[in-house]
Amino acid sequence: MKDGHSDEKLIGRVVATEEHPNTAFEFQFWADKAAKIGIGSIVEVVDPETGARAYGIVTEANAYNDAPNAMSDYLGSQRRPNAEGATLRPEIRTFKAAVLRREPEEPIGAAPIGCVFLADDEAVRKALRCDEMVLPIPVGVYGGEDGNPVFAEGVHLLGPESGHLNVTGTSGLAAKTSYILFLLTSIFQRFGADASDDTSVAAVVFNVKGTDLLYLDQASESLSDGDMRIYEACGLEPKPFENVVYYAPSYDDTGEIAHSYRSHKDLQKPIPFSYGPEQVLEHIEVLLNQDDVDAKADSLLGFLRHGLRDGLPPVADSSGPVKVTTLAELVDYVEQMMVAAEGNQYKGHHARTIQKIFNRLSGLANRFPGLIASRGEGKPPLPRDKFQDRTVYVIDIAKLDADHQDLVFAAVIADLRERMSRGGGAFGVSRLIVVVDELNKFAPSSGRETYTMRALRDIAARGRYQGLILFGAQQFRSRVDPQIVGNCSSSAYGHILMEELANPIYSPYPPAVREKMANCQQGQVMFRHPHFAQPIFVRFPRPAVLKGEDGVKRFPPTEPTPLDRLLSKLRPAVNLQPNDIIEAVNEAFPVEEDRERGIMALLGKLKGVDVALLSKSGLRKLLQECGGTRKSVATRTWRGVDELDDPFAEPEDRNGGNA
């Protein structure tokens, strides 16, 4: 033992020359050829005279022998690669390390010259200042599956001191989503576990691609022994999220069926959502072409937005303000404006401008069926009042095309930003994490500034003070708005393509570190955090939730049948029970092959129709118009009710079809 270290941890010695001296932030050392050390390794230097210590992380590695040049080595090996030279050339391996921490902290001087030890558990904790953290959150392990846990300071990751996280890596190779899910598990289980302050936390996640995030409440089937050891080292329990709420767009204008791959009968069904006229006007720039929203159109849209809140002025008569609650009513109002303009103007808005907006609004319900409610106020996703502690809210938009996804994302981000502006605990939890994948799509570094980009900038700049934290991910960090990534105090870098690493934003990292980022394996990231003087390479386990591809096999998704859609459509009909509808359909279309065709025809007839007062006889007539057969003989139904005894039946029904 020497200076509290075992000899097996002793690997080398600091070397400082006049040409390459030690500095306050960097030192060099040589190490034994057999030492298990490389880029990212943490070492400890001890001054034998003063006992001062310095902790560093290896950023560069070199090896050479005493051959003055290549020709000397070539001739010395007798021009044969496998020949033994006349003399055995000594080989040395040198490393450059960046200082992580020093003891004592002051005064800040050059790194000491002394023996170099491979950092043990306690040295790793001190080097990363884990011993000073108030709200430690595990972010992975250093040194492999059996390594030391690495912690991030909660007040720097989740605010208020600093906040936000950005994850970069090649799609399919960097496991960006997996790392964010691991961090959410870590935050939910460890954030504030030993604190008395309010550390309630929730997360909002967008499922944009496939089924990756649709089974967060189901246990994983693919955790390895190495994954389990990492969870154990981090003090975490490998289990799925206990509280998950799913939202998905409405399948159609009924607003009762969710358009989602998570449709198996054994799973909790997503809550259908849709948008009404208020959200449509608020995010109209997402729905229309850029050329459509000029200054004149924007003025008219502003007039309509204001009217939705306070009531629109009457067009046809002198009655009170017109209250608009549905998209159909809004379209009707704009049409009245167009008629009143009579080819000229109405309230300062030109007739052609009014007609253009009318044409665009009237087509939205058909362009965005289900997502935009034509005859309802809309039911946006997420709780209207308070979020629940340790709950994940998943907004599934994987089945939508790009335009539909843009609308949902813009509306949700705008809603969260507006709540943030209120302050005073508007979320109901002390921290709300919003996870945004493909950040370069919604906030690109080039192109026109959109409302969504401004909202994300505002969240990145002020969110940490109000408890709204952004976890963003993308394949190319260089293509994301610099104001957003610049406000993210923590960053994680997985496998990154060399073309991306050639961008100047990666120039602060030494060439060897960039080379390692280009070769990161799945389950490994370089983590940069304000509490660390230098970035650290860490490993993380697979998320303890069911993978999307495994979930699809266990819970095969099913599409809603035409009968499901019809039952949903007729749910508001006070005079019809589900059994009434099923019986009428079976009677009208006794042949199963014709039944689906008939139901689809009926759904087409019911589109835009108020079905609240539809009766049994009315339903039968509609089915007959769709090609169904008329009931011509008295029959006893499967429910055991004789139609001949039905006092509410039509005369033609009571007489066997002969009026």
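Output the pairs from Lys176/Lys379; Lys323/Lys569; Lys126/Lys441; Lys347/Lys569; Lys265/Lys399 with a Cα-Cα distance over 28 Å in this structure; if there are none, say none.
From the list (Lys176/Lys379; Lys323/Lys569; Lys126/Lys441; Lys347/Lys569; Lys265/Lys399), the Cα-Cα distance tops 28 Å for Lys176/Lys379; Lys126/Lys441; Lys347/Lys569.
When DSSP beta bridges are restricted to pairs lying wholly in the chain, around 65% turn out antiparallel.
Are there GluC sites (Glu not before Pro) in segment 546-618 that DSSP marks as loop and that have at most 12 other Cβ atoms within 10 Å, and which are they? When the GluC sites (Glu not before Pro) of segment 546-618 are filtered for loop state and at most 12 Cβ neighbours within 10 Å, nothing remains. Between Tyr64 and Gln355, the simple label model (points 7 Å from Cα in the Cβ direction) yields a spacing of 8.0 nm.
Helix 616-625 and the long axis of the chain differ in direction by around 80°, with both axes built from C-alpha atoms. Counting only Cβ charges, +1 for Lys and Arg and -1 for Asp and Glu, the dipole size of segment 1-150 around its Cα centre is about 500 debye.
Counting only protein heavy atoms and a probe of 1.4 Å, the accessible surface of the chain is 48% carbon and sulfur. Applying 1/(1 + (r/R0)^6) with r as the Cβ-Cβ distance of Ala340 and Asn579 and R0 = 60 angstrom yields a FRET efficiency of 0.75. Against the main long axis of the alpha-carbon atoms of the chain, helix 578-588 sits at an angle near 60°.
Charges were assigned to the Cβ only: +1 to each Lys and Arg, -1 to each Asp and Glu. The resulting dipole of the chain about its Cα centre is roughly 760 debye. Per residue, the accessible area of the chain comes to 47 Å², computed with a 1.4 Å probe over protein heavy atoms only. Taking each residue as 0.36 nm, the span from Gln522 to Thr50 lengthens on full extension beyond its C-alpha to C-alpha distance by 165.6 nm.
A Förster radius of 41 Å combined with the Cβ-Cβ distance from Ala219 to Arg367 puts the calculated FRET efficiency at roughly 0.55. Name all residues of segment 413-452 having a backbone nitrogen under 16 Å from the label point set 7 Å from the Cα of Arg479 along its Cα→Cβ direction, giving them as ranges. Under cut-off, by backbone N: 437-448. Working from Cα pairs under 8 Å separated by at least six residues, relative contact order for segment 466-573 is 20 percent. Mean residue ellipticity at 222 nm, helices only, the chain: -9000 deg cm²/dmol; runs of at least 4 DSSP H residues each add -39,500 (n - 2.57), and the sum is divided by the number of residues. Over the C-alpha atoms of segment 143-192, the Rg to Rh ratio, Rh being the Kirkwood estimate, stands at 1.00. Using only Cα atoms, find the angle between the long axis of helix 351-362 and the longest principal axis of the chain, and express it within 0 to 90 degrees, rounded to the nearest 10. Rounded to the nearest ten degrees, it is 80.
Backbone amide hydrogens, once placed in the peptide plane, bring Gly163 within less than 5 Å of Ser489, excluding anything fewer than 5 places away on its chain. Taking a Cβ cut-off of under 9 Å around Arg101, the surrounding Lys, Arg, Asp and Glu residues balance to a net charge of +2, with basic ones at +1 and acidic ones at -1.
The values are calculated or read from the model by the stated rules, or taken from the named source; none is laboratory data. Remember, it's a predicted structure, so these values are computed and weren't measured experimentally. Neighbour counts are summed over all protein chains in view; Cβ atoms, including those assigned to glycine, are modelled from backbone coordinates with ideal geometry. For accessibility, only protein heavy atoms count, side chains too; no ligands or nucleic acids. Shrake-Rupley method; radii C 1.70, N 1.55, O 1.52, S 1.80 Å.
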